[in-house]
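Scroll down for the structure; my scribbles are underneath it.
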C-alpha cells in the first residue's frame, strides 16, 4: 500500500480520499502540518486572504491574474504541508500570541526596530520555499504590506509575507 507523504498530499484530485492526519479538525481535507490552516483561521487569516495579499503586488510574467491566483493557492497549500514551513508559521503564531496578544501594553506593539526575530522568521519561510530570490520578494511584501498583512501583528505579518514571497518567487521562476 502506498504511504502518503506530506509533499504529495496536495496533488489528489478528490480531496475526500485524503486520510486524516495529526487529529486535524479538517477531517478529510488536505493534510497540513500542526493544523496550521486552522491555527491561521483562528487568528483571522484565511488562505483566500493570503492569496489576495499576494495578488496585491503580483507582477505578471505572462500569466493572467486569475491563473496566477490559482497557482499561488496551490503553492500555498503545498508548502503548508512542509514541516519546516509549518513549524516556522507555528512559531510565529505562538510568539504573536504570547508577546503581542496576551500582553497589555506590549513592548512590541509598534513592531520596534530592535525586534528582528519576526523578520528572521519571515525570511526563513521565504527562503525555505523559494531560495535566495524569495528574500528579495519578502522585502517587497514586508515593506508594502498589502491586504491582510497590514492588519496583522509583528510576527504574523512577516511570517505570512514570507509564505507569500516564497510562493510568488516559485511562481515567477516557473514562468521563465
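The values are calculated or read from the model by the stated rules, or taken from the named source; none is laboratory data. Just so it is clear, the structure is predicted and the values come from calculations on it, not from any experiment. So basically every Cβ, Gly included, is an ideal-geometry build from the backbone, and we count neighbours across all protein chains shown.
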Output the residue which, of all residues in the stretch 94-115 that are part of a loop (DSSP other than H, G, I, E, B) and surrounded by 12 or more Cβ atoms within 10 Å (Cβ to Cβ), is modelled with the highest pLDDT.
115
Near pairs, Cβ below 9 angstrom, 6+ apart or cross-chain, from the stretch 112-130 (closer than 11 Å to residue 89 by Cβ) to any residue that is part of a loop (DSSP other than H, G, I, E, B) and modelled with pLDDT of 95 or more:
128/82
Going through (1) buried (at least 16 other Cβ atoms within 10 Å of the Cβ); (2) in contact with a helix residue (DSSP H, G or I) (Cβ under 6 Å, 6 or more places away or on another chain); (3) modelled with pLDDT of 50 or more one by one, residue 32 fails only at (2)
Going through the stretch 137-162 in order, the residues found to be at pLDDT below 95 and part of a loop (DSSP other than H, G, I, E, B) are 153
